[in-house]
Amino acid sequence: MIKLRDLNQQDDNLLVAYLNNKKVVQYLSSRIPQPYTLEDAAWWINTGCKDQATVKAITFNNVFCGVIGVYHQPFEYAHSAEIGYWLAEEFWNKGITSKALQIFSQSLFDNTDIVRLYAPVFSGNTASMRVLEKAGFSFEGISAKALFKHGKYYDEHRFARVY
């Protein structure tokens, strides 16, 4: 069973283990420190995930296995939010992320003033693109060489879901 809950201090060791897996962080923002430490996890749980964001832990059969969240946008974009997520490798290919994304998106639409969610995806991250499509997101377009990570340019594939 997939559930979403707030992050807590008991998640710190698993955060460190999961976010030190190169396959998990390959297409995530480079603002995630590498290597990822217990201090990084404590900061994220206590401060980072609360700064202009709504973030939830993803659990599968009561085991913390990933994170999903939105970054709220300012001014004329105040009713839009950038959504992102990641899942520990051992939980991949079970439909967990798509279901978590559906649950989280609907909760945001039902309980906030957000009417548009968008997700920028690195070219090459076809698994994430499939997750978004399964969760009702539509492909909007590609921005060539919009992302730069580890000395390499990536096209950004943009997906969105509108309430």
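The values are calculated or read from the model by the stated rules, or taken from the named source; none is laboratory data. For clarity, every value in this text was computed on a predicted model and none was experimentally measured. Neighbour counts run over all protein chains shown; Cβ positions are idealised from the backbone, glycine included. What goes into the accessible areas is simple: the full protein's heavy atoms, side chains included, and nothing from ligands, DNA or RNA. Shrake-Rupley method; radii C 1.70, N 1.55, O 1.52, S 1.80 Å.
The figures follow:
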| item | result |
| --- | --- |
| Count - residues of segment 21-62 that are under 16 Å from the mean Cα position of the chain (by Cα) and of a type in the set (S, T, N, Q) | 7 |
| Of all residues making up segment 135-163, the number that are of a type in the set (Val, Ile, Thr) and either at pLDDT below 95 or touching an Asp or Glu at 6+ places or on another chain (Cβ under 6 Å) (or both) | 1 |
| One residue from Glu133, Glu89, Glu76, Glu82 being open to solvent by 30 Å² or more (accessible area, probe 1.4 Å), in contact (Cβ under 8 Å) with a residue 12 or more places away in the chain and under 21 Å from Gln52 (Cβ atoms) | Glu82 |
| Subset of segment 136-162 [part of a loop (DSSP other than H, G, I, E, B) and surrounded by fewer than 14 Cβ atoms within 10 Å (Cβ to Cβ)] | His150, Gly151 |
| Odd one out for Thr37 among (1) open to solvent by less than 60 Å² (accessible area, probe 1.4 Å); (2) without any contact (Cβ under 8 Å) to a residue 24 or more places away in the chain; (3) polar (S, T, N, Q); (4) in contact with a strand residue (DSSP E or B) (Cβ under 9 Å, 6 or more places away or on another chain) | (4) |
| Looking only at segment 96-130, and only at residues there that are over 25 Å from His79 (Cβ atoms), without any contact (Cβ under 8 Å) to a residue 60 or more places away in the chain and not aliphatic (A, V, I, L, M), the one that is least open to solvent (accessible area, probe 1.4 Å) | Ser123 |
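Table: residues versus (1) in contact with a Lys or Arg (Cβ under 7 Å, 6 or more places away or on another chain); (2) of a type outside the set (Gly, Ala, Ser); (3) surrounded by fewer than 18 Cβ atoms within 10 Å (Cβ to Cβ).
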residue: Gln9; (1), (2), (3): no, yes, yes
residue: Ile32; (1), (2), (3): no, yes, yes
residue: Ala42; (1), (2), (3): no, no, yes
residue: Thr47; (1), (2), (3): no, yes, yes
residue: Gln52; (1), (2), (3): no, yes, yes
residue: Ile58; (1), (2), (3): no, yes, no
